[in-house]
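Participant: Sharing a structure, written as structure tokens. Questions coming.
The values are calculated or read from the model by the stated rules, or taken from the named source; none is laboratory data. For clarity, every value in this text was computed on a predicted model and none was experimentally measured. FYI the Cβ positions are ideal-geometry reconstructions off the backbone, even for glycines, and counts take in every protein chain you see. Surface accessibility is based on the protein's heavy atoms, side chains included, excluding ligands, DNA and RNA. Shrake-Rupley method; radii C 1.70, N 1.55, O 1.52, S 1.80 Å.
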Amino acid sequence: MKNGYKVFWTDFALTELQNTIEYLEENWTEKELRNLAIKLEATLILLSQNPNLFQVSDDENKIRRVVILTHNTLYYRIITNKIEILSFFSNRQNPNKRKFQ
């Protein structure tokens, strides 16, 4: 098993993350926001150590997914020795809105 994969976020995924944070700041408590941050950080550490740990969501494009909390799913793919975060999707949305850019 390879260790130390570098994690990179696409601009699209960062925008989704920022939009999610802004929404949650208005609708969640500080404790819930901290919990999301802790869970996201722990997941990114796991990804960097073993990116094949989570299930394949799209075989054709080799996209994998991991549920961060009930409301959010992280989509990513492995490219040689790096992990590219494609989307930080809010599961409250219609699944047809999901995009990977």
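Participant: Residues of segment 19-36 being assigned to a helix (DSSP H, G or I), open to solvent by 60 Å² or more (accessible area, probe 1.4 Å) and either more than 11 Å from Ile68 (Cβ to Cβ) or without any contact (Cβ under 8 Å) to a residue 24 or more places away in the chain (or both), which ones? Before you say what the answer is, go through the steps one by one.
Facilitator: Looking only at segment 19-36, we keep the residues that are assigned to a helix (DSSP H, G or I), and these are 19-27, 30-36.
Add one more test, that the residue is open to solvent by 60 Å² or more (accessible area, probe 1.4 Å), and what stays is 19, 22-23, 25-27, 30-32, 34-35.
Asn19, Glu22, Tyr23, Glu25, Glu26, Asn27, Glu30, Lys31, Glu32, Arg34, listed by residue number.
Participant: Something else about it: Can you find a residue that is surrounded by 16 or more Cβ atoms within 10 Å (Cβ to Cβ), modelled with pLDDT under 95 and in a helix (DSSP H, G or I) anywhere in segment 68-79?
Facilitator: No, segment 68-79 contains no residue that is surrounded by 16 or more Cβ atoms within 10 Å (Cβ to Cβ), modelled with pLDDT under 95 and in a helix (DSSP H, G or I).
Participant: Hey, another quick one. Could you say whether any residue in segment 20-39 is within 14 Å of Phe89 (Cβ to Cβ) and of a type in the set (Gly, Ala, Ser)?
Facilitator: no
Participant: Which residue out of Asn91, Asn50 is at negative phi and modelled with pLDDT under 90? If you could, list the steps in order and put the result at the bottom.
Facilitator: Values: Asn50 fails: modelled with pLDDT under 90.
Within the list Asn91, Asn50, the selection yields Asn91.
Participant: While we're here: How many residues, within segment 1-11, are open to solvent by 50 Å² or more (accessible area, probe 1.4 Å) and either among the polar types (S, T, N, Q) or assigned to a helix (DSSP H, G or I) (or both)?
Facilitator: Looking only at that region, the number is 2.
Participant: Another question, if that's okay. Only one of these conditions is not met by Leu44: (1) part of a loop (DSSP other than H, G, I, E, B); (2) surrounded by 11 or more Cβ atoms within 10 Å (Cβ to Cβ). Which number is it?
Facilitator: The failed condition is (1).
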